[in-house]
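In what follows, a structure is listed as structure tokens, so that the remarks can point back to it.
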Amino acid sequence: MDALELLFGRYVLLATAVEDGKQAVTPAAMLATLRQHCGVVPSEVVIEVACPPHDLWLTFSMEEKCSEVLLSSMKIKCCWHWIQFSRWCRMVRAQPGALKYKSKLGFQGLPNQAWTTASVKDVLK
């Protein structure tokens, strides 16, 4: 997960539509806005709808373009929404809390040589 966070943290942004607008932000509208304001071309970014649907994931092919777009957070509008950009991290929308129910995790089919404390801790990370 650490390697994934290191990779995604440099190339992936979450774009959030901040205020109520007249229409939803679509990937095509976001691409047009990024092209106009940041010079991003379609070959440099993949835009996917996130959950909730007014958010978008932007995956860039170059770290420089990702950083450039991040600097335009809350400075551009798309579909009448101010757009907030944030870097991807594993804690996106996470909040600390206690589980209501006890959970059990099982490792079935794990070979005998894999049953070490270190390997099980690695899986839990």
Original post:
Any idea which of (1) farther than 18 Å from SER73 by Cβ; (2) surrounded by 18 or more Cβ atoms within 10 Å (Cβ to Cβ) is the one LEU4 doesn't satisfy?
Top reply: (2)
Original post:
Are there any pairs, at least 6 apart or on different chains, whose C-beta atoms fall under 8 Å, with the first in region 22-38 and closer than 14 Å to CYS66 by Cα and touching a residue at least 24 places away in the same chain (Cβ under 8 Å) and the second acidic (Asp, Glu) and in a helix (DSSP H, G or I), and if so, which?
Top reply: CYS38/GLU68
Subject >> Residues that are surrounded by fewer than 18 Cβ atoms within 10 Å (Cβ to Cβ) and farther than 18 Å from VAL18 by Cβ, drawn from region 45-90 >> reply: VAL46, GLU48, THR59, SER61, MET62, GLU63, GLU64, SER67, GLU68, CYS89, ARG90
Original post:
Restricting attention to region 86-122, which residues are closer than 30 Å to GLU63 by Cα and modelled with pLDDT of 70 or more?
Top reply: SER86, ARG87, TRP88, CYS89, ARG90, MET91, ASP122
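How many of the residues making up region 51-80 are at pLDDT below 90 and touching a strand residue (DSSP E or B) at 6+ places or on another chain (Cβ under 8 Å)?
Within region 51-80, the first condition is being at pLDDT below 90, and the residues that meet it are 51-55, 79-80.
Filter again for touching a strand residue (DSSP E or B) at 6+ places or on another chain (Cβ under 8 Å), leaving 54-55, 79.
Number of matching residues: 3.
The values are calculated or read from the model by the stated rules, or taken from the named source; none is laboratory data. Here the structure is a predicted model, which means the values were calculated and not measured. Neighbour counts run over all protein chains shown; Cβ positions are idealised from the backbone, glycine included.
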